[in-house]
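The values are calculated or read from the model by the stated rules, or taken from the named source; none is laboratory data. Since we're looking at a predicted model, the values are computed, not measured. Here the Cβ positions follow ideal geometry from the backbone for every residue, glycine too, while neighbour counts run over all protein chains shown. These accessible areas exclude ligands, DNA and RNA; they are computed on the full protein's heavy atoms, side chains included. Shrake-Rupley method; radii C 1.70, N 1.55, O 1.52, S 1.80 Å.
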Amino acid sequence: MNSGFVWFQHLLPQHALSRLILRATRVRAPWFKNRLVRGFLKLYPVDMAEAAQSDPLSYGSFNEFFTRALKPGARTIAADPRAIACPADGAISQAGEIDGEMLLQAKGRSFSLTELLAAQPWASDFEGGSFATIYLAPFNYHRVHMPLRGQLKETVYVPGSLFSVNAITAAHVPKLFARNERVLILFDTEFGQVALIMVGALNVGSISSVWAGDITPAARRVITRLPPQNVSLDKGQELGRFNMGSTVILLFQRGRAHWQADARAGAIVRLGQALGRLE
């Protein structure tokens, strides 16, 4: 059953399907978007009580419902300046140390920094460092926030496949996160360089950042370094969002991050909670 699901994904026109999803989720005709929203709510346990706009049918499109804002105070951002604030709601797929340049994907499967970061010149800066992979399920809050204060250094679009990023696919598709379309974001911080990778997935209509807007789907599917911008973001500030579920990967340099004991594979996490401590 599981291998069949993965095999089926190889046959799908992944990018065409995701572009169709992008168009459908931005239709503003009430009869259409309300049908999508009602169908979604039947499938997934969405907590609208914590949304800034709690009526799911009041949003102008399905995409606006899906990327809904939280009401003030719905999440508490870890106040300790050395605390790593969780960048999103979701579940930890893996967290730990980077073994040389290898990151653990799932039991028996790994991928390299060079592959994940598409051979960017700064990839080697994270060798021997620390990483955390956080999976956002469809029902989760889908905005991504800063784990600590940082100054934007680079934004790079990397084309790729669009496999699902759920646990089943992660266990069966080699180098999944280094194969899927993704956006690499590099920050300078008080605690060295920090990278945050937003990984696309099947049915993810778009990935956007607060400084560049929609980055995917890209007009040209080639590795693209976006024009530099002078952007400084505080811990807990929104940096981007997904349309449909996906994955965030955090990278820290050697000796900088120490994960808490409960920051382990399978743990459910919420935006703002402390995942570890910075040195």
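With springs only between Cα atoms under 10 Å, which of GLY255, GLY240, GLY160 fluctuates most in a Gaussian network model of the chain?
Highest fluctuation of the listed residues: GLY255.
Does segment 70-196 come out rounded, prolate or oblate by the C-alpha gyration tensor, with a ≥ b ≥ c the root eigenvalues, rounded set by a/c under 1.5 and, if not, prolate when a/b is larger than b/c and oblate if not?
Cα axes put segment 70-196 in the oblate bin.
Which residues' amide hydrogens lie under 5 Å from the amide hydrogen of ALA137, considering only partners 5 or more residues apart or on another chain, with H built in the peptide plane?
Close amide H contacts, sequence-distant or interchain: ALA91.
Starting from the Cα gyration tensor of segment 226-279, take the square roots of the eigenvalues, sort them a ≥ b ≥ c, and report rounded, prolate or oblate (rounded when a/c is under 1.5, otherwise prolate if a/b is larger than b/c, else oblate).
oblate
Longest exposed-loop-site-free stretch of the chain, with trypsin sites (Lys or Arg not before Pro), DSSP loop and at most 10 other Cβ within 10 Å?
108-219
With an 8 Å cut-off on Cα pairs and a minimum separation of 6 or more residues, tell me the relative contact order of segment 7-157 in percent.
Answer for segment 7-157 is 22 percent.
Enter the Cα centre distance for the pair segment 67-140 and segment 165-181, rounded to the nearest angstrom.
Cα centres, segment 67-140 to segment 165-181: 15 Å.
First check a/c for segment 71-135, with a ≥ b ≥ c the square roots of the eigenvalues of its C-alpha gyration tensor; if it is under 1.5, answer rounded, and if not, answer prolate when a/b is larger than b/c or oblate otherwise.
Prolate.
Using θ = phi - 60° and the Karplus relation 6.51 cos²θ - 1.76 cosθ + 1.60, list the HN-Hα couplings for segment 156-161 in order, rounded to whole Hz, with x at every Gly or Pro.
10, 8, 10, x, x, 6
Considering amide H positions built from the backbone, and no H for Pro or chain starts, which residues 5 or more places from GLY129, or on another chain, come under 5 Å of its amide H?
ILE98, ARG254
Among the lysines, which fall within straight-line cross-link reach of LYS235, defined as a Cα-Cα distance under 20 Å, with same-chain neighbours fewer than 8 residues apart omitted?
Hits, sequence-local ones excluded: LYS71, LYS153.
For LYS175, which lysines qualify as cross-link partners when the Cα separation must be under 20 Å and same-chain residues fewer than eight apart are set aside?
Cα-Cα hits under 20 Å: LYS107.
Compute a Gaussian network model of the chain, connecting alpha carbons closer than 10 Å, and tell me which residue from PRO56, PRO45, PRO147 fluctuates the most.
So, out of PRO56, PRO45, PRO147, the one fluctuating most is PRO45.
For the chain, divide the Cα radius of gyration by the Kirkwood radius and give the resulting Rg/Rh value with two decimals.
With Rg and the Kirkwood Rh in hand, the quotient comes to 0.94.
Relative contact order for the chain: what percent, with Cα pairs under 8 Å and sequence separation of 6 or more?
26 percent
I need the phi-derived Karplus couplings for segment 141-155: 6.51 cos²θ - 1.76 cosθ + 1.60, θ = phi - 60°, integer Hz, Gly and Pro marked x.
Using θ = phi - 60°, the values come out as 5, 10, 9, 10, 10, 6, x, 6, 5, x, 10, 4, 10, 8, 10 Hz.
Residue by residue, what Karplus-based ³J(HN,Hα) values in Hz, rounded to whole numbers, does segment 251-256 have, using 6.51, -1.76 and 1.60 with θ = phi - 60° and x for Gly and Pro?
In residue order, the calculated couplings are 10, 10, 6, 3, x, 8 Hz.
Probe of 1.4 angstrom, ligands and nucleic acids ignored: what's the accessible area per residue over the chain, in square angstrom?
So the chain comes to 44 Å² accessible per residue, rounded to a whole number.
Can you give me the % of accessible surface on the chain that is carbon or sulfur? Probe 1.4 Å, all protein chains present, nothing else counted.
Its accessible area is 55 percent carbon and sulfur atoms.
Which residue fluctuates most in the GNM of the chain (Cα springs below 10 Å): ASN34, ASN230, ASN243?
Most flexible of the set in this elastic network: ASN230.
Can you list which of the DSSP-assigned H helices in the chain have a Cα extent of 18 Å or more along the long axis and an average Kyte-Doolittle score of at least -0.5?
Length and hydropathy pass: 30-43.
So who's got an amide H within less than 5 Å of the one on LYS153, skipping anything under 5 residues away but keeping other chains? H placed 1.01 Å off N, in plane.
Correct list: LEU186, PHE187, ASP188.
Grab the DSSP H runs of the chain that are 4 residues or longer, score each as -39,500 (n - 2.57), total them, divide by all residues and round the 222 nm result to the nearest 500 deg cm²/dmol.
Only helices count here, giving -5000 deg cm²/dmol.
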